[in-house]
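Working notes, beginning with the structure itself.
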Amino acid sequence: VVHLANVPKQPGLDSEPQFNSDLAFSGDYAIGGNYDGFTVYDISQPEDPQVVSTVVCPGGQGDVSVSGDLLYFSVDYPRAGEECGDAEAPASDPDGFEGMRIFDISDKANPEYVSAVRTDCGSHTNTLVPGEDGTDYIYVSSYSPSENFPNCQPPHDKISIIEVPTADPASAEVVNEPVLFPDGGHEETTGCHDITCLLYTSPSPRDGLL
C-alpha cells in the first residue's frame, strides 16, 4: 500500500466533531460522506485528486451509496425538515425528520437534492441493492432507541427497506420493515450497524429477505 495523496475536509464540512464517514465510487469519481454533507472528488489521477463539488447538508452520519446518477445519503440526527437547509430538531420532536436523502449527481459539479424518505430511528448506515428492473432497494440500519424518542421506541429490532424507482426517485418509499428478531431479541438490543444483502430474484425485497 502506497499513500499517494491527501485532501483535507472542505469548508462547511470541516467543523469538529463532524467526521467523514463513508465512501462511494462512480467511474472516475469518489464521493465522501460527512456528518454535514458530502464531497465529490475526481480521482482519475489518483496522485492528484481534485474536489469537484461540496454539498453542505447536515444530518449525520452521512453514509453514502451511489447507483447510476443517484446518490443516497443517511440522516441519523433529527432535522426540522427534509431538506438541507432545515435546522436541527430535538429527538423528542415527533415531526423531526430522519431517514434517507436522495440526490441527482448526473452533473458532478452541481448535485441536486431530489427528495427524502423518513424511516423510524433514522439511517445510521445504508446498504444498496441495485435492481435490474429500474428499481433500487436501500436497506436501512439504525439504532439507539429510547422511550423519550417518539419515532424510535424500543425494542428497535427491525430495519427499513426503501424502494426507489430510478426513473422517478421522488416517489421512493418504505416498502417493508422486517423485524430481525420476531421471537424477541436481547433486552439490550439497540439496533443494527451494517447490513450485508444476498438478494435472490424471488421473493421481492418487499418480503424482507436479506
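Restricting attention to the stretch 1-27, the residues being loosely packed, with under 14 Cβ neighbours inside 10 Å and of a type in the set (D, E, K, R) number 2.
Summed over the stretch 61-85, the residues that are out of contact with any Ser or Thr (no Cβ under 8 Å at 6 or more places or on another chain) and either assigned to a strand (DSSP E or B) or small (Gly, Ala, Ser) (or both) give a count of 7.
The residue that is surrounded by the most Cβ atoms within 10 Å (Cβ to Cβ), among those in the stretch 69-81 that are within 16 Å of residue 126 (Cβ to Cβ) and at pLDDT 95 or above, is 73.
Checking 44, 65 one by one, the residue that is within 12 Å of the chain's Cα centre (by Cα), at pLDDT 95 or above and among the small types (Gly, Ala, Ser) is 65 and no other.
Looking at 15, 53, which is the one that is in a strand (DSSP E or B) and either modelled with pLDDT under 95 or touching a strand residue (DSSP E or B) at 6+ places or on another chain (Cβ under 6 Å) (or both)? On inspection, the qualifying residue turns out to be 53. Picking from residues in the stretch 174-188 that are at pLDDT 70 or above and either exposed (fewer than 14 other Cβ atoms within 10 Å of the Cβ) or assigned to a loop (DSSP other than H, G, I, E, B) (or both), the one that is nearest to the chain's Cα centre (by Cα) is 177. In the stretch 2-26, the residues that are acidic (Asp, Glu) reach residues that are open to solvent by less than 100 Å² (accessible area, probe 1.4 Å) and part of a loop (DSSP other than H, G, I, E, B) with C-beta atoms within less than 9 angstrom, at least six apart or across chains, in these pairs: 14/8; 14/36. Do we have residue 48 as under 21 Å from residue 103 (Cα atoms), in contact (Cβ under 8 Å) with a residue 12 or more places away in the chain, out of contact with any Ser or Thr (no Cβ under 6 Å at 6 or more places or on another chain) and of a type in the set (Asp, Glu) here? Here the answer is no, as residue 48 does not meet what is asked.
The residues of the stretch 17-52 that are of a type in the set (Gly, Ala, Ser) and farther than 25 Å from residue 124 by Cβ, listed by number, are 27, 44.
The values are calculated or read from the model by the stated rules, or taken from the named source; none is laboratory data. Everything numeric in this text was worked out from a predicted model, so none of it was measured. Quick reminder, even Gly has a Cβ in these numbers, built from the backbone with ideal geometry, and neighbours come from all protein chains shown. Only protein heavy atoms, including side chains, enter the accessible area calculation; ligands, DNA and RNA are left aside. Shrake-Rupley method; radii C 1.70, N 1.55, O 1.52, S 1.80 Å.
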